[in-house]
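Participant: Provided herewith is a single structure, encoded as structure tokens, for subsequent inquiry.
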Amino acid sequence: MSDFPKSIQLKDGTIASLHVMLESDLDNVIKFFQSIPDEDRLYLRSDTKNPENVRRRFGKLDYDLKYPLLVKIDDQIIGMATLFRSEYGWMRHLGEIRVVITQDYQRKGLATILTRELFFQALKRKLHKIQAELMDTQLSAITAFERLGFRKEATLKKHVTDVKGVRRDLIIMTLDVEDLWYLIDDYVKTPDFRIH
Ligand SMILES: CC(C)(COP(=O)(O)OP(=O)(O)OC[C@H]1O[C@@H](n2cnc3c(N)ncnc32)[C@H](O)[C@@H]1OP(=O)(O)O)[C@@H](O)C(=O)NCCC(=O)NCCS
């Protein structure tokens, strides 16, 4: 927490800031989800246009189990990424990452910066594996996660139903934390590590 806020530079030179979400950000987060266009919301797990769903998920924060990062320009949220972890049971060493970037700021390296930050959090929490769940039609997101070191591990046929009621394959992409150490070593050496 003490490392935040951080100043970051996007690929086009825009300066933004990276924050850990506070409970007082909730109204702003609700606004952010409402601003996401339908074609991107299609892939989100719950109907985030409904403030109740956002409130249920982010109203009460326990950073060990749910670690949300926000990207802001002034007070406007332009991106969000969260590391989720199960509390008990055989999934407790598994983390899940979910990312949403507002359309005007996509392809500027934000998902990459956010996900890398969450990788450090995954290591702190001694997670063994991180996963991302995507629909087969999310080709850009699949490419983005592949670029970050995730690999397709499983395809569950007709496992999910999109908001239009169409049954889709669920792609499970994973990254083993042992591999993460090598990736992080590369990140800190590469010039596109843009956190100041
Ligand atoms: C998927 C998503 C998170 C990517 O965010 P982003 O900030 O645009 O990603 P980055 O700029 O860090 O892109 C990293 C790489 O991913 C790939 N990529 C990202 N968007 C892409 C697109 N639309 N088409 C093709 N490749 C894409 C590229 O290889 C890119 O690197 P490059 O720009 O140097 O070629 C964003 O498009 C989004 O929020 N989509 C809607 C919600 C969603 O699908 N979330 C994922 C579910 S968890």
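The values are calculated or read from the model by the stated rules, or taken from the named source; none is laboratory data. The structure presented is a predicted model; accordingly, all values stated were derived computationally and were not measured. A quick note on method: Cβ atoms are made from the backbone with ideal geometry, for glycine too, and the neighbour counts reach across all protein chains shown.
Residue-wise test of (1) modelled with pLDDT under 90; (2) buried (at least 18 other Cβ atoms within 10 Å of the Cβ).
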{"site": "Ala141", "(1), (2)": "no, yes"}
{"site": "Val160", "(1), (2)": "no, no"}
{"site": "Lys164", "(1), (2)": "yes, no"}
{"site": "Asp179", "(1), (2)": "yes, no"}
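Participant: Examine the range 16-35 for a residue that is of a type in the set (A, V, I, L, M), more than 15 Å from the ligand (Cβ to nearest atom), assigned to a strand (DSSP E or B) and exposed (fewer than 13 other Cβ atoms within 10 Å of the Cβ), and state whether such a residue exists.
Facilitator: Filtering the range 16-35 for residues of a type in the set (A, V, I, L, M) gives 16, 18, 20-22, 26, 29-30.
Remaining after also requiring more than 15 Å from the ligand (Cβ to nearest atom): 20-22, 26, 30.
From what is left, the residues that are assigned to a strand (DSSP E or B) are 20.
If we keep only those that are exposed (fewer than 13 other Cβ atoms within 10 Å of the Cβ) too, we end up with none.
Scanning the range 16-35 turns up no residue that is of a type in the set (A, V, I, L, M), more than 15 Å from the ligand (Cβ to nearest atom), assigned to a strand (DSSP E or B) and exposed (fewer than 13 other Cβ atoms within 10 Å of the Cβ).
Participant: To continue, here is another question. For the range 104-125, does any single residue satisfy the condition of being more than 12 Å from the ligand (Cβ to nearest atom), surrounded by fewer than 13 Cβ atoms within 10 Å (Cβ to Cβ), part of a loop (DSSP other than H, G, I, E, B) and touching a residue at least 40 places away in the same chain (Cβ under 8 Å)?
Facilitator: There is no residue in the range 104-125 that is more than 12 Å from the ligand (Cβ to nearest atom), surrounded by fewer than 13 Cβ atoms within 10 Å (Cβ to Cβ), part of a loop (DSSP other than H, G, I, E, B) and touching a residue at least 40 places away in the same chain (Cβ under 8 Å).
Participant: Go through (1) under 28 Å from Val166 (Cβ atoms); (2) of a type in the set (Ser, Thr, Tyr); (3) more than 13 Å from the ligand (Cβ to nearest atom) and name the single condition Ser86 misses.
Facilitator: Result: Ser86 fails condition (1) only.
Participant: Here is a follow-up. If Ile97 satisfies all but one of (1) farther than 25 Å from Asp12 by Cβ; (2) within 11 Å of the ligand (Cβ to nearest atom); (3) at pLDDT 90 or above; (4) not charged (D, E, K, R), what's the number of the condition it fails?
Facilitator: Of everything listed in (1) farther than 25 Å from Asp12 by Cβ; (2) within 11 Å of the ligand (Cβ to nearest atom); (3) at pLDDT 90 or above; (4) not charged (D, E, K, R), Ile97 misses just condition (1).
Participant: Checking the conditions here, which among Thr155, Thr174 is surrounded by 15 or more Cβ atoms within 10 Å (Cβ to Cβ) and over 20 Å from Ile36 (Cα atoms)?
Facilitator: Values: Thr155 fails: surrounded by 15 or more Cβ atoms within 10 Å (Cβ to Cβ).
Exactly one residue qualifies, and that residue is Thr174.
Participant: I need the full set of residues from the range 39-60 which are touching a residue at least 12 places away in the same chain (Cβ under 8 Å), out of contact with any helix residue (DSSP H, G or I) (no Cβ under 8 Å at 6 or more places or on another chain) and surrounded by fewer than 13 Cβ atoms within 10 Å (Cβ to Cβ), in order please.
Facilitator: Arg45, the sole residue that qualifies.
Participant: Give the number of residues within the range 62-91 that are surrounded by fewer than 17 Cβ atoms within 10 Å (Cβ to Cβ), touching a residue at least 40 places away in the same chain (Cβ under 8 Å) and either within 14 Å of Leu118 (Cβ to Cβ) or under 17 Å from the mean Cα position of the chain (by Cα) (or both).
Facilitator: Of the residues in that region, 2 qualify.
Participant: Only one residue in Ala144, Ala132 is aliphatic (A, V, I, L, M), in a helix (DSSP H, G or I) and within 15 Å of the ligand (Cβ to nearest atom), so which one is that?
Facilitator: Numbers: Ala132 fails: in a helix (DSSP H, G or I).
Testing whether each residue is aliphatic (A, V, I, L, M), in a helix (DSSP H, G or I) and within 15 Å of the ligand (Cβ to nearest atom) leaves just Ala144.
Participant: Sticking with this one: Considering only residues that are in contact with a Leu (Cβ under 7 Å, 6 or more places away or on another chain) and of a type in the set (D, E, K, R), which ones fall in the range 56-103?
Facilitator: Those that are in contact with a Leu (Cβ under 7 Å, 6 or more places away or on another chain) and of a type in the set (D, E, K, R): Arg85, Glu87.
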